[in-house]
Each structure stands twice: as C-alpha cells, then as structure tokens.
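Note sheet for the following structure.
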Amino acid sequence: MLPQAWLSGGDDREDRRHRKEAEKRHAQIVWGAFVLVAMLSVALVATSPAWADECSMTHDERKPLVRRWWISGKALLYASQLFIAACLLVCVRCGGARVLYHTACLLIYFNATALVVVALKQLLGDSLCNIHANSVSGHAHFYLFFAVALPSPALTAAVAGRAVARLWVAFYALYLLALLSQGYRTVAFGFHSPRQFLYGALSAALSSVAWQLVGPARWFSRQLLLGLAVPVFAACWCLAVAVSGGFDFVRSSVHLPAFIPLAVVAVYTRPPAGHGYPVIRVRDEPFLLTSPMHA
C-alpha cells in the first residue's frame, strides 16, 4: 500500500523516499532469488546426483495421466498469458503512457531472453525426457521471470492504493496458481528432468537481475533504448535461428512478430520520468502518445 500523498500530491522528497524503498525491496527479492537458484545450480553441478538427470516417467507412461490432468499444458499456458496481460493492462490503465513504455520494454526484453533459452536448449545438447533438445526448461524461465517482474514497483506503483488493486492481486494470484500447476506438471509428468527445470529457473533469475541493472529504470532516453534493444534482440534472434533449425524455427517462432509492435509502442510512448517510476500525482493521468520528433 502506497501513501495517499502519492495519489493526491505531497512532498517530493517523501515521494522519492517511498519510491526508493519500494525499489530496494524489489531488488532484494530479485537478488535473493538469484543467489538461491545459483547456489542450488552450483550444488547440483558439483554433486551431480542421479535423481537430477532422471525423467519421472516415459512418454508412454505419461500419456494417460496428461489426458486426465485437469487442464492441458497449452490451455494452462494460454491462461497464464491472459493473466499476465490482465495484470499489465491494469497497470497501464492506472499508470498511463509511462507504464505502457515500461511494459513494452519489459516484453521486448523477455522475448530476447526467451530466444537465448531456445539457443541454450540446442547448445547444451541435453535431449533427456524428449526427442528434441530439452536442456533448459522454457516453461520455468517464462513463469519465474514474470512472477518476479509483474510486482515490480515500476509497474504496480500506480495501482497501489486504488480499488482496482484488488483486481490486480486476483489476476496475479491466478497466475501463481498456474505457475505451481505448470511447474508440478513439467517435472512430475517427466517433460523435464530436475536439472533442466533448475537451469530454466537459473536463466529466469539471471534475466531478472540483468533487468534490474539495465531495464528502463536505468534508461534515460529513447535513443539509448533503441541503441540497446534493436541490436541485442537481433543478436538473440540470429543466435536462435543459427542453432535451432533455420527456416523451421523462423516459421514457428512468435518472437519477431511480437517484437515489431512492441518496439513501435516503445518508440511512440513517452520515456519514463523519475527513473522509470510513473508519476502518480494526478489520479487519471492522460494517456499521451508522442511523435519521436516532438518527444
């Protein structure tokens, strides 16, 4: 819950203090998660226990169980994406153009990290539990990344203290339930080994830490955004194409079609003020789009 001064006005120094405290708490969570997952990964690599590279069941064994499971994997993934979209839409509705800018940057960044995970699947060459390269769990990367990213103060500061905050909490709680269900399904039904799942968690933790360091909370101009996002995304795309089957990957991938509209949104919305945090002094901030020539 944020102070009422954030919504109705108040002392600038008090606002900055509360924003810094919120940023510090979120950073502590991100770094704590990273350290925990990194320690588990190091321990796993150092000891290499037999259970780390075991599939809980074969493809034939899991088929009947998957059919009886309360929801299919694809339906659960689509539902999770809807919950993420709902959380982000609530944030954008309350925070206006600045939060929209941050959201577009976040989704561009996630797509770049997802391309790196696709490449790592091939480069590490672990096809355990699958006929294809399966080295890093993309589901673990996806779910854990957004579990940390969605509550970030840059997105949620404009929501706190409003009635709509309960709606955001409800969508986020549904997302966490989907995370637990998908995580259990991934390992218990033998889609990934514990090592592969942990590597997915590690990639999510690394990506979250990097986002803390170089996200739009640290970007001060649209020029710097374009200078970083376009070449980094292009490099990740080329890496994934090079190691993942060329045209077949291009044909089936949604990352490039997702990048283009997100980049357009990032270019045409105002860059964030105050280190990425939305200005919340006006209860209903106008949703303004600006031309790059007049920003």
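The values are calculated or read from the model by the stated rules, or taken from the named source; none is laboratory data. Because the structure is a prediction, the values reported are computed rather than measured. For neighbour counting, all protein chains shown are included, and Cβ atoms are generated from backbone atoms with ideal geometry for every residue, glycine included. Side chains included, ligands, DNA and RNA excluded: accessible areas come from the protein's heavy atoms. Shrake-Rupley method; radii C 1.70, N 1.55, O 1.52, S 1.80 Å.
Scanning segment 97-140 for residues that are of a type in the set (Gly, Ala, Ser) and touching a Cys at 6+ places or on another chain (Cβ under 6 Å) yields a total of 1. Residues in segment 1-30 that are closer than 29 Å to Tyr184 by Cβ and either open to solvent by 100 Å² or more (accessible area, probe 1.4 Å) or modelled with pLDDT under 80 (or both): Arg25, Gln28, Ile29. Residues of segment 44-56 that are open to solvent by 50 Å² or more (accessible area, probe 1.4 Å) and out of contact with any helix residue (DSSP H, G or I) (no Cβ under 8 Å at 6 or more places or on another chain): Val45, Ala46, Thr47, Ser48, Ala50.
Would it be correct to say that Arg67 is in contact (Cβ under 8 Å) with a residue 24 or more places away in the chain, part of a helix (DSSP H, G or I) and among the charged types (D, E, K, R)?
For Arg67, the condition - in contact (Cβ under 8 Å) with a residue 24 or more places away in the chain, part of a helix (DSSP H, G or I) and among the charged types (D, E, K, R) - is not met.
Here Ala85 qualifies as exposed (fewer than 14 other Cβ atoms within 10 Å of the Cβ), among the small types (Gly, Ala, Ser) and assigned to a helix (DSSP H, G or I).
So which residues in segment 139-165 are open to solvent by 30 Å² or more (accessible area, probe 1.4 Å), over 30 Å from Trp69 (Cβ atoms) and either at pLDDT 90 or above or part of a helix (DSSP H, G or I) (or both)?
The one that is open to solvent by 30 Å² or more (accessible area, probe 1.4 Å), over 30 Å from Trp69 (Cβ atoms) and either at pLDDT 90 or above or part of a helix (DSSP H, G or I) (or both): Val164.
The number of residues in segment 223-281 that are modelled with pLDDT of 75 or more, closer than 26 Å to Leu100 by Cβ, out of contact with any helix residue (DSSP H, G or I) (no Cβ under 7 Å at 6 or more places or on another chain) and hydrophobic (A, V, I, L, M, F, W, C) comes to 4.
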